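First the structure, in the form of structure tokens, and then the observations on it.
Any read-out appearing in this document is the output of simple, stated calculations on the displayed coordinates, not a laboratory observation. Since this is a predicted model, take the numbers as computed values, not measurements. FYI the Cβ positions are ideal-geometry reconstructions off the backbone, even for glycines, and counts take in every protein chain you see.
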Ligand code: PEP
Ligand code: MN
């Protein structure tokens, strides 16, 4: 089906690349339209049901991965380390809270970035800004920075390879809860969190053995559902991968299970919100500190007028300094309206600053404080702090400062690898999981 038959033509789409060659774009779109789906509509519906469960307070959402995936970063080691990190965090959260944890990767499609400026100038040379590997290359040369639509085809292929490995890992025995120990292997881990993790893994192992000895051997221990997600940003790509589900005749964006609309592209009358409105996947919308109760109600009216549980997730990214001030009004408005939404805290995007050395960074303590504020607000209002959205990697990078390893501004240069925003490294991610798990356990008391 031609996408004009689904999506409203002629709307303004913010943050799109200026492709120099229209014929080449058409060619790339035609290729993408001929490819098989990366995910199935039924899987998106399963995720929606789990989000509905979390929105009721009966599950917790854990979404994590790179700010910007790269083609060269899609190696077996890097993908495996990210999956292991998310599985470890999920085990920690689940163990301490006794809640099911919905595992979602910012993975297998997170290749495009919104930018504040169209161009970047270095030493008097101005070139198009890097918009993610989906559009151009980070290297600062005219050739690399020129948007090339064949990259969208490579996004599909790299996402497909990534998802293939994700599925192999999570369905092929590696994610079996009996493997909870092995997920910690191979990490240059900080002894304190590692020891704490091992202790928990031992307890889980004992509990499983106890159940096995009683003849219980649940299938659910053997494989986990791991979902893919990314920001729906480059509309040529997302529309080309939107297909009509044969079961329901509804359109689904089969490039990922979960798509979110970013803070910079959520204009109510813009093309991104029209796109989100038309597809039947579960949808997230980012909410920054300028979001008003009216915005929130209008988003609900546009994206979930029938109040379908699990359809809509609000991912708030207020910043540690503003979360306690800005979030309560939005939650109260939603509660009063009767709308069912999942509230997720992104403690990354409101806490970015430039270190004296010029690196973009975030303080671990700010990340933690924003999550703490998120929990405090929900506690006060009697609502469910439904999940967290984290930029992380399983690698031992030095991009965010602080944490147990006390990474300093001076340390940033030793291993700063992000193509865009700074990510928590493996140790910081595990440390955060333990701290959030305590908050979640205390919240339930
Ligand atoms: C992101 O999630 O990488 C991002 C750009 O977020 P936001 O839209 O909240 O700024
Ligand atoms: Mn980011």
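Between residue 168 and residue 264, what is the FRET efficiency for a Förster distance of 41 Å, r being their Cβ-Cβ separation, to the nearest 0.05?
0.75
Can you give the extra length, in nm with one decimal, that the chain gains between residue 277 and residue 14 once fully stretched, where that is 0.36 nm per residue apart less the Cα-Cα distance?
Details: separation 263, 0.36 × 263 = 94.68 nm, distance 1.63 nm.
Result: 93.0 nm gained on full extension.
For segment 331-388, count the residues as N, evaluate 2.2 N^0.38 Å, and divide the Cα radius of gyration by that value, please.
Values: Rg = 14.5 Å, N = 58, 2.2 N^0.38 = 10.3 Å.
Compactness ratio reported: 1.41.
Per 10 Å bin, what is the whole-percent P(r) computed from every C-alpha pair distance within segment 356-445?
16, 46, 25, 12, 1
What per residue convex hull volume, in Å³, comes out for segment 91-215 when only alpha-carbon positions are used?
Values: hull volume 21.7 nm³, N = 125.
So the per-residue hull volume is 173 Å³.
For segment 216-302, what mean projected area does the convex hull of the alpha carbons give, in nm²? Can you show the working numbers first?
On the way: hull surface 33.4 nm².
One quarter of the hull surface, i.e. the mean projection, equals 8.4 nm².
Length gain on complete extension for the stretch residue 335 to residue 410, per 0.36 nm per residue less the alpha carbon to alpha carbon distance? Walk me through the numbers on the way to the answer.
Numbers: separation 75, 0.36 × 75 = 27.00 nm, distance 4.51 nm.
My answer for the length gained is 22.5 nm.
For segment 18-145, I need the span (max minus min coordinate) of the C-alpha atoms along each principal axis, in Å, sorted largest to smallest.
Cα extents, longest axis first: 55, 37, 29 Å.
State the volume of the convex hull built on the alpha-carbon positions of segment 1-41, expressed per residue in Å³ and rounded to an integer. Walk me through the numbers before you get to the answer.
Numbers: hull volume 5.2 nm³, N = 41.
In segment 1-41, the Cα hull volume divided by residue count equals 127 Å³.
Give me the percent relative contact order of the chain, please, defined on Cα pairs under 8 angstrom at least 6 residues apart.
Values: 857 pairs, mean separation 97.8, N = 445.
Once normalised by length, the contact order is 22 percent.
Along each principal axis of its Cα atoms, how long is the chain end to end? Whole angstroms, biggest number first, please.
Largest first, the chain extends 64, 51, 45 Å along its Cα principal axes.
Looking at the square roots a ≥ b ≥ c of the eigenvalues of the Cα gyration tensor of segment 180-240, which shape do they give, rounded for a/c under 1.5, prolate if a/b is larger than b/c, or oblate? Intermediate results must be reported in sequence, preceding the final value.
Working: a/c = 4.81, a/b = 1.64, b/c = 2.93.
Judged from the Cα gyration tensor, segment 180-240 comes out oblate (a/c at least 1.5, b/c at or above a/b).
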